[in-house]
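So the structure is just underneath, and the comments pick up after that.
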Amino acid sequence: MYAQTLSLKNYRNIQNEEVFFTPGVNFLYGENAQGKTNILEALYFYARGKSFRGATDKEQTAFGCDGYETSLTFQDSQRSQVMSYRYCKGEKVRQRNGMNVDRATEFLGHFRAVLFFPDDLEMVKDGPEARRNFLNVAISQCNSSYVKYYATYKRCLEQRNALIKYAQKNDVFDEEQLYAWSDSLASSAALIHLERKRYLSFLSGHTQSFIEELSKGKEKIDMTYESAVEGESRKELYESYKKVLTENWRKEFIVGYSLYGIHRDDVDLKINGRSARLFASQGQQRTIVLSLKMAEGAVCRELTGEEPVFLLDDVLSELDEKRRRFFLEEISGPQILMTGCDKSLFSSDKTNIIEVKGGQYVSAHR
Ligand SMILES: Nc1ncnc2c1ncn2[C@@H]1O[C@H](COP(=O)(O)OP(=O)(O)O)[C@@H](O)[C@H]1O
Ligand SMILES: [Mg+2]
């Protein structure tokens, strides 16, 4: 698939713009703080359902305005679609092909993109949250059930945590309610756990072949889902999650939150048999993350039949020549949107070069 136009009104430092993209490589270049990342942020919202910078709608609204609007036209393998989002003083309106979409979760799974930005390079070294996020975002784009399971899980977790907090503060608790929330939590945890493992089985194969190619056969990666519970089937997992949740409430009442569940799980990455978190060199970390991102695209293609758009924010400058060339040659998706400062890397006959200055976008192609 590829993005055709993105219109923005009062979005961050952009007043009123319509940005045109072409299939193939689009390079947004300009000095710092001009609005390059802002465009990717607005675009990736359609794939992820929120800002990848963790910004609220209010923070994304241009200073001094009450709200903002963006609209995306894109082409998938079947047809052209339009999605739009309007925010004004706390009200949100989502539309797809002219129809209102009430639930945020139903907005996902139409426009698909793989984002790669410099913080991703910390995915190997950082704590488990970065890896869980990676899985959540990647799976959400391929599997609409996952989005629903996850929303249910989050709701149950909030309720269960509130109950634990209340019990901790008042020294009393409603055993029946705790049991009920543990049961619901275990039930959606089992579904999410299974989906994550299934996704990992696809992802690890692709990641391994990219790593092998990049390292000329020298590096091998192992990826395993790490959890406090074990089980192969939904029923086994449900029973296991339920067991740890019902047996450990005393510990949970001391700390004040739920200690078990998929919000505590992780992905263990091993490079040549050793923990990547502890032992991967900088070069190996880059190779791993680069391969994971390419694999994310390959799995999306495999599971949905759609080629995602690749969004690369300032990453080319972070990669050495060998990895940069490999990446650009290997991501065979129909569209790449990337940002950077150095336009000499690209020739204007093959690339849609867009100059970004003060929230305005000028392309030589138009
Ligand atoms: N809510 C906002 N309203 C107006 N301007 C904003 C808002 N949020 C960020 N900006 C401006 O956007 C610019 C940063 O844009 P960004 O796309 O991150 O830059 P870069 O081109 O370096 O990627 C800064 O000038 C910043 O002040
Ligand atoms: Mg930027």
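Throughout, read-outs are computed from the coordinates displayed, never taken from laboratory work. Since this is a predicted model, take the numbers as computed values, not measurements. Positions of Cβ are generated from backbone atoms using ideal geometry, with glycine treated the same way; all protein chains shown enter the neighbour counts.
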Among the lysines, which fall within straight-line cross-link reach of K218, defined as a Cα-Cα distance under 20 Å, with same-chain neighbours fewer than 8 residues apart omitted?
K270, K293, K322
Percent of all Cα-Cα pairs per 10 Å bin for the chain, counting from 0 up to the last occupied bin, reads 5, 22, 29, 25, 14, 4, 0, 0
Counting only DSSP beta bridges with both partners in the chain, the antiparallel fraction in percent, to the nearest 5, comes to 70 percent
Which aspartates and glutamates have a Cα lying under 15 Å from the Cα of K58, excluding residues fewer than 8 positions away in the same chain?
E41, D66, E69, E91
As I understand it, the dipole of the chain uses +1 on the Cβ of Lys and Arg and -1 on the Cβ of Asp and Glu, about the Cα centre. Which of V315, F326, Q141 lies farthest toward its positive end?
Q141
Tell me what the chain gives for mean residue ellipticity at 222 nm when only DSSP H runs of n ≥ 4 count, each as -39,500 (n - 2.57), the sum divided by the residue total, rounded to 500 deg cm²/dmol.
-14000 deg cm²/dmol
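If neighbour count is taken as other Cβ atoms inside 10 Å, put D120, D320, D183 in order from fewest to most.
So the ranking, lowest neighbour count to highest, is D320, D183, D120.
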Ranking T304, T246, T207 by Cβ neighbours within 10 Å, fewest first, what do you get?
T246, T304, T207
Rounded to the nearest 20 Debye, what is the dipole magnitude of the stretch 118-305 about its Cα centre when Lys and Arg each give +1 and Asp and Glu each give -1 at the C-beta?
280 debye
What FRET efficiency would be calculated for the residue pair L278, K218, taking the C-beta separation as r and a Förster radius of 22 Å, to the nearest 0.05?
0.70
Need one number: nm distance between label points at E129 and K243, each 7 Å from Cα along Cα→Cβ, rounded to one decimal.
3.1 nm
How many percent of DSSP beta bridges within the stretch 215-345 run antiparallel, rounded to 5?
65 percent
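So how much slack lies between N16 and L303, counting 0.36 nm per residue of separation and subtracting their Cα-Cα distance, in nm?
Values: separation 287, 0.36 × 287 = 103.32 nm, distance 3.66 nm.
Gain on extension, N16 to L303, equals 99.7 nm.
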Tell me the chymotrypsin sites (Phe, Trp or Tyr not before Pro) within the stretch 61-151 that lie in a loop according to DSSP and have at most 10 other beta-carbon atoms within 10 Å.
F63
Result row for the chain, helices from DSSP H with C-alpha axial extent 24 Å or more and mean Kyte hydropathy at least -0.5, is 175-214, 282-304
Sort the stretch 242-366 into rounded, prolate or oblate with this rule: let a ≥ b ≥ c be the square roots of the eigenvalues of the Cα gyration tensor; rounded if a/c is under 1.5, and if a/c is not under 1.5, prolate when a/b is larger than b/c, oblate otherwise.
prolate
Taking the Cα centre of the chain as origin, work out the dipole magnitude from +1 charges on Lys and Arg Cβ and -1 charges on Asp and Glu Cβ, in debye rounded to 20.
160 debye
Put +1 on the Cβ of every Lys and Arg and -1 on every Asp and Glu Cβ in the stretch 118-305; which of L245, L185, A295 then has its Cα farthest towards the positive end of the dipole?
A295
Provide E91, E212, E252 in ascending order of the number of other Cβ atoms located within 10 Å of each residue's Cβ, fewest first.
E91, E212, E252
What one gets for the stretch 195-271 as the Kirkwood radius, inverse of mean 1/r over different Cα pairs in Å, is 14.6 Å
By its C-alpha gyration tensor, with a ≥ b ≥ c as the square roots of the eigenvalues, how is the stretch 128-244 shaped: rounded for a/c under 1.5, else prolate for a/b larger than b/c, else oblate?
prolate
Expressed in nm to one decimal, what extension gain is obtained for the pair T152 and S233 from 0.36 nm per residue of sequence separation less their Cα-Cα distance?
27.2 nm
